[in-house]
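The values are calculated or read from the model by the stated rules, or taken from the named source; none is laboratory data. Just so you know, these numbers come straight off a predicted model, no measurement behind them. Note that we place each Cβ from the backbone using ideal geometry, even for glycine, and neighbour counts take in every protein chain shown. These accessible areas exclude ligands, DNA and RNA; they are computed on the full protein's heavy atoms, side chains included. Shrake-Rupley method; radii C 1.70, N 1.55, O 1.52, S 1.80 Å.
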Amino acid sequence: MAKVTCVDISEFQQNIDFNKMKNDGIKAVIIRAGYGREASQKDNMFESHFRNAKNANLKIGVYWYSYADSVSDAEKEAKACLECIKNKSIDMPIYYDLEDSSQIRLGKTKLTEIAEKFCETIKRSNYKAGVYANLNWFNNYLDYDKLKSKYSIWLAQYNSVNELSCDIWQNSSTGKINGYDRNIDTNIIFNESVFDKSKDEPEKEKANIPDIFYKVRCNGVWLPEVKNLEDYAGIKGRAITDIAIRVSVGKVWYQAHTKSGWLPKVSGYDIDDYENGYAGNGSKIDAIRVYYTTPQSLANSLGKYLVAKYRVSATGNEYFDWQHDDQTTNNQDGYAGLFGNSIDRVLLVLE
């Protein structure tokens with residue numbers, strides 16, 4: 001049997017380590033964007049799954065679960081899907097998931113028209129489109145030949161072989177893949193052309209990674225600003241009491257922890273603004289948390305979302321391990337530092 005190289009996921013699959021999946025041979029993931037006619041029915045984990053899969057350099061496809069009982073409903077579902085996707089750059093087709101038992105009464109002709117309407121609406125936005133269904137549906141409720149002639153076919157059939165020609169075969173709902181500790185849908189990709197760029201975009205120069213700037217206050221004095229990893233902010237042996245951070249592109253929020261706990265998050269960069277210009281209250285800081293938000297246009301250009309990568313050192317001691325945003329996977333704490341131990345140096349970069 002051909003090798004499984006793709007999984008499909010939704011909000012029902014959480015706590016996924018996409019890097020472990022990639023190391024286990026997975027190269028693509030198809031993510032549910034939502035279901036039904038309204039953008040409010042967006043999958044709760046779509047943005048998170050999309051961002052994390054992108055950061056693991058996995059190929060990404062999307063699917064939308066249908067409840068449509070008319071052609072006009074299908075168009076509404078396609079528009080809701082496009083609104084949820086928000087012009088993201090996608091590597092694979094957007095698949096229309098047709099399997100709901102409430103639709104069977106509509107018959108083959110009507111269901112095929114519904115599939116065509118969804119797919120054509122998707123294609124008008126310059127995405128590739130496809131249809132997902134099981135063997136029974138393709139044989140009895142959809143005009144398989146007609147759809148196959150125009151769109152990508154994703155077949156669900158839990159069997160030792162696929163009995164219909166397809167681009168992608170969902171061969172199991174009980175797959176086991178490193179990076180997820182429960183059953184997961186697995187897929188075999190037969191047609192590598194599904195990875196042809198889904199959205200027709202002009203070639204453009206790849207953007208540069210933005211700069212991050214930061215400075216700290218020790219002994220009541222603000223020290224000079226530092227850019228990226230050109231130096232560290234702080235003085236060895238002198239506890240930091242306040243920190244200010246800014247980025248050249250995008251948004252960043254950050255917060256400081258002192259003996260009294262976590263101080264409020266701030267997003268500004270102004271040492272005269274005591275509310276939102278810097279993090280700190282004059283007390284010794286023992287930990288910081290930094291989170292960077294990548295603009296979608298930049299993520300599309302770079303082909304990934306960026307994170308704030310940072311580390312601190314306990315006063316007079318060595319640096320702690322690197323922290324990425326507020327992540328808690330891969331033995332990260334969600335912050336940099338050690339409660340109860342003041343810090344004296346900070347290093348920050350986007351990657």
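Checking Glu203 against (1) at pLDDT 95 or above; (2) surrounded by fewer than 20 Cβ atoms within 10 Å (Cβ to Cβ), which test does it fail?
(1)
Limited to segment 142-166, what total is found for residues that are in a loop (DSSP other than H, G, I, E, B), crowded, with 22+ Cβ neighbours inside 10 Å and free of Cβ contacts under 8 Å to residues at least 40 places away in the same chain?
Residues flagged as in a loop (DSSP other than H, G, I, E, B), crowded, with 22+ Cβ neighbours inside 10 Å and free of Cβ contacts under 8 Å to residues at least 40 places away in the same chain within segment 142-166 amount to 1.
Given the condition under 22 Å from Asp196 (Cα atoms), among the aliphatic types (A, V, I, L, M) and either without any contact (Cβ under 8 Å) to a residue 60 or more places away in the chain or assigned to a strand (DSSP E or B) (or both), answer yes or no: does some residue in segment 10-27 qualify?
no
Taking the stated definitions as given, is Lys79 under 27 Å from Thr174 (Cβ atoms) and either open to solvent by 20 Å² or more (accessible area, probe 1.4 Å) or free of Cβ contacts under 8 Å to residues at least 60 places away in the same chain (or both)?
no
Under 6 Å between Cβ atoms, which residue pairs at least 6 apart in sequence (or on different chains) link something in segment 119-136 that is under 14 Å from Ser152 (Cβ atoms) with a partner that is surrounded by fewer than 24 Cβ atoms within 10 Å (Cβ to Cβ) and of a type in the set (Lys, Arg)?
Cβ pairs passing all conditions: Tyr127/Lys199; Ala129/Lys123.
Whether any residue in segment 124-132 is open to solvent by less than 80 Å² (accessible area, probe 1.4 Å), more than 18 Å from Lys88 (Cβ to Cβ) and at pLDDT 95 or above is what I want to check.
yes
Could you list, ordered by first residue, the pairs with Cβ atoms under 6 Å in which the first is in segment 255-284 and touching a residue at least 60 places away in the same chain (Cβ under 8 Å) and the second is assigned to a loop (DSSP other than H, G, I, E, B) and open to solvent by less than 50 Å² (accessible area, probe 1.4 Å), at least 6 apart or interchain?
From segment 255-284, the pairs are His257/Asp286.
If we keep just the residues of segment 86-106 that are assigned to a loop (DSSP other than H, G, I, E, B) and not acidic (Asp, Glu), which is farthest from Asp69 (Cα to Cα)?
Top of the filtered list is Ser89.
Test Lys110 against the stated conditions and say whether it is under 25 Å from Asn87 (Cβ atoms), out of contact with any strand residue (DSSP E or B) (no Cβ under 8 Å at 6 or more places or on another chain) and open to solvent by 50 Å² or more (accessible area, probe 1.4 Å).
In short, no.
Identify, please: which residue in segment 141-152 is of a type outside the set (Lys, Arg) and touching a helix residue (DSSP H, G or I) at 6+ places or on another chain (Cβ under 7 Å) and is, among those, nearest to Pro93 (Cα to Cα)?
Ser152
May I ask you to say which residue of Ala56, Ala74 is within 22 Å of Ser152 (Cα to Cα), among the hydrophobic types (A, V, I, L, M, F, W, C) and touching a residue at least 24 places away in the same chain (Cβ under 8 Å)?
Ala74
Taking the residues in segment 17-69 that are small (Gly, Ala, Ser) and touching a helix residue (DSSP H, G or I) at 6+ places or on another chain (Cβ under 7 Å) as candidates, determine which candidate is most open to solvent (accessible area, probe 1.4 Å).
Ala39
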